[in-house]
Amino acid sequence: SDVCSSDLALIEFTGALPRAQLFTNWLVQTNDTEVLNLLTNAAFQPHQTVVVSTPFSLATNSAPATNAGEVKFLSYAPKQIRLAANATAPSVLLLNDKYSANWHVTVDGRPADLLRCNYLMRGVAVPAGQHEIEFHYTSPITGLYVTFAGMATALALLGLVLFTRQLDSAP
């Protein structure tokens, strides 16, 4: 039998964080350089601690729980993500999706602070218990304002051209 030789290989990386996870152990650090230094430090354990770059308040346990609870996806769409969380203690829910200030979050239907976690991911503080969390994206409207301003300018110039032509053609 012939043996095929190939330049391809398949590598499985088992150290990746889950898409969504609850953490009872977090560190608040607002200095981005320090956050990057911490995340790249060999002693840092990303499966046990989340680094939060947004100041927030949430009662903490004196000893972080070893099992913070579980998170399940209820729905996942490009601009709306719904999760169910059962937190054993006050926790930070880390969603390993890119942070943007245009994302908004609710916990049990009430607005909550969107947290920037692990330098570029997003999260939310969750009290102990069962909760439904919804992340939804709202497009910035600055582009809409620019479009309207451009349209208004074009209409004003068109009106000016028509008005000056009328003046030129008047006897």
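The values are calculated or read from the model by the stated rules, or taken from the named source; none is laboratory data. Everything quoted here is computed from the prediction, not taken from an experiment. Glycine gets a Cβ as well: all are built from the backbone with ideal geometry, and neighbour counts include every protein chain shown. Keep in mind that these areas ignore ligands, DNA and RNA; they rest on the heavy atoms of the full protein, side chains included. Shrake-Rupley method; radii C 1.70, N 1.55, O 1.52, S 1.80 Å.
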Expressed as a whole percentage, what fraction of the accessible surface of the chain belongs to carbon and sulfur atoms when a 1.4 Å probe is rolled over the protein heavy atoms? 57 percent
Here are labelled values, [x] 1.07; [y] 1.47; [z] 1.64, and one is the computed Cα Rg over 2.2 N^0.38 Å for what I pasted. Which one? [z]
Only Lys, Arg (+1) and Asp, Glu (-1) charged, at Cβ; the chain dipole about Cα centre in debye: 480 debye
Highest GNM mean-square fluctuation, the chain, Cα pairs closer than 10 Å: which of Leu157, Leu95, Leu58? Leu157
To the nearest 10 degrees, how steep is helix 142-169 against the longest Cα principal axis of the chain, on a 0 to 90 scale? 10 degrees
Pick from Gln130, Gln29, Gln45: which is most flexible by mean-square fluctuation in a GNM of the chain where alpha carbon atoms under 10 Å apart are linked? Gln45
Whose amide H sits under 5 Å from the amide H of Leu115, counting only residues 5 or more places off or on another chain, with H placed in the peptide plane? Gly123, Val124
Which value in deg cm²/dmol, rounded to the nearest 500, describes the helix-derived mean residue ellipticity at 222 nm for the chain, given -39,500 (n - 2.57) per DSSP H run of n ≥ 4 and division by the residue count? -7000 deg cm²/dmol
Heavy-atom accessible area ranking, 1.4 Å probe, most first, across Thr14, Thr24, Thr142: Thr14, Thr142, Thr24
Would you mind getting the accessible area per residue of region 9-113, heavy atoms of the protein chains only, 1.4 Å probe, in Å²? 61 Å²
Ordering Tyr99, Tyr145, Tyr76 by how much accessible area each has at a 1.4 Å probe, largest first, what is the list? Tyr145, Tyr76, Tyr99
Return one quarter of the surface area of the convex hull spanned by the alpha-carbon atoms of region 95-171, equal to its mean projected area, in nm². 7.9 nm²
Please identify the longest segment of the chain free of exposed trypsin sites (Lys or Arg not before Pro), where exposed means a DSSP state other than H, G, I, E or B and no more than 14 other Cβ atoms within 10 Å. 80-171
Could you tell me which of Leu83, Gly150, Val126 has its Cα farthest along the dipole of the chain towards the positive end, charges placed at Cβ (Lys, Arg +1; Asp, Glu -1), taken about the Cα centre? Gly150
Using Cα springs under 10 Å in a Gaussian network model of the chain, which residue among Glu12, Glu70, Glu134 shows the largest mean-square fluctuation? Glu12
